[in-house]
1. Return the loop-located trypsin sites (Lys or Arg not before Pro) in region 69-141 (DSSP other than H, G, I, E, B) with at most 13 other Cβ atoms within 10 Å of their own Cβ; answer none if there are none.
2. Quick one: grab Rg to one decimal and Dmax as a whole number for region 80-151, Cα atoms only, in Å.
3. Under the definition of Cα pairs under 8 Å and six or more residues apart, what whole-number percent is the relative contact order of region 92-159?
4. Accessible area per residue, 1.4 Å probe, Å², for region 65-166: what's the number?
5. Based on the alpha carbon coordinates of region 27-166, what radius of gyration and maximum Cα-Cα distance (Dmax) apply, in Å?
6. DSSP loop chymotrypsin sites (Phe, Trp or Tyr not before Pro) in region 37-144 with at most 16 other Cβ atoms within 10 Å of their Cβ, which ones?
7. Taking the Cα centre of region 45-105 as the origin and placing charges on Cβ (Lys, Arg +1; Asp, Glu -1), which of Gly46, Leu78, Ile64 is farthest toward the positive end of the dipole?
8. Hey, what's the Cα Rg ratio for region 123-166 versus the globular rule of thumb, 2.2 N^0.38 Å?
Amino acid sequence: MLNGEREKFVELPRFIDIASHSGFINGDNSGCGYADVSTNTGYGAGFNSAKGGVYVMQWVDSGISVWYFPRGAIPADLVAEKPMPWTWPSPFARWSTNTCNVDQFFRDHITIFNTTFCGDWAGATWQSSGCADKTGYSSCAAFVSEKGSAFHEAYWTVNYVKYFQQ
């Protein structure tokens, strides 16, 4: 809840829950993930061609929600720095305290911009996902090392980061 206003959440099937519970429980670092299937401009080439957009995270007592707004569809209240999330469409990701122990799994939050090419997941699934056959490289690390030019579109341009508190 921002600016002391009430919050409204209508959870519609706009998102896909990738992992049903936290990797902390599983011990496999899988985490809780969501993929926004309502747009192709939320990441990668689509994001770049749309000249970016805005991601918003709201963390309140009832849970954590995340929205994405493509450039040209950013709510006026957000542009005016007076966010009213109860007027926005449903978030594409929502960790409700009714189904997720937010206080246990989310704390000491910091913002990090990071491009990890291989990492725990991609590095471990390189062979089984067919990437080795497709690229001709036996590992993700070898591909990145030899074909760095393949990642010329992998960069961050951040115009600003803003934080709002109740």
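The values are calculated or read from the model by the stated rules, or taken from the named source; none is laboratory data. Because the structure is predicted, anything quoted here is derived from the model rather than measured. Because the Cβ atoms are built from the backbone with ideal geometry, glycine has one as well, and the counts that use them run over all protein chains shown. Calculation scope for accessible area: heavy atoms of the full protein, side chains included, ligands and nucleic acids excluded. Shrake-Rupley method; radii C 1.70, N 1.55, O 1.52, S 1.80 Å.
1. For trypsin sites (Lys or Arg not before Pro) across region 69-141 that sit outside H, G, I, E and B with at most 13 neighbouring Cβ atoms in 10 Å, the list reads Arg71, Arg107.
2. My reading of the Cα-based Rg and Dmax gives 19.2, 51 Å.
3. Relative CO of region 92-159 lands at 23 percent.
4. On the way: 7170 Å² over 102 residues.
Solvent-accessible surface per residue comes out at 70 Å².
5. Calculated on Cα positions, Rg and Dmax stand at 18.0, 52 Å.
6. On the way: sites: Tyr43, Phe47, Tyr55, Trp59, Trp67, Tyr68, Trp86, Phe92, Trp95, Phe105, Phe106, Phe113, Phe117, Trp121, Trp126, Tyr137, Phe143; in loops: Tyr43, Phe92, Phe106, Phe113, Phe117, Trp126, Tyr137.
Here the chymotrypsin sites (Phe, Trp or Tyr not before Pro) that fit, given the DSSP loop and packing criteria, are Tyr43, Phe106, Phe113, Phe117.
7. My answer, from the dipole projection, is Gly46.
8. It is 1.81.
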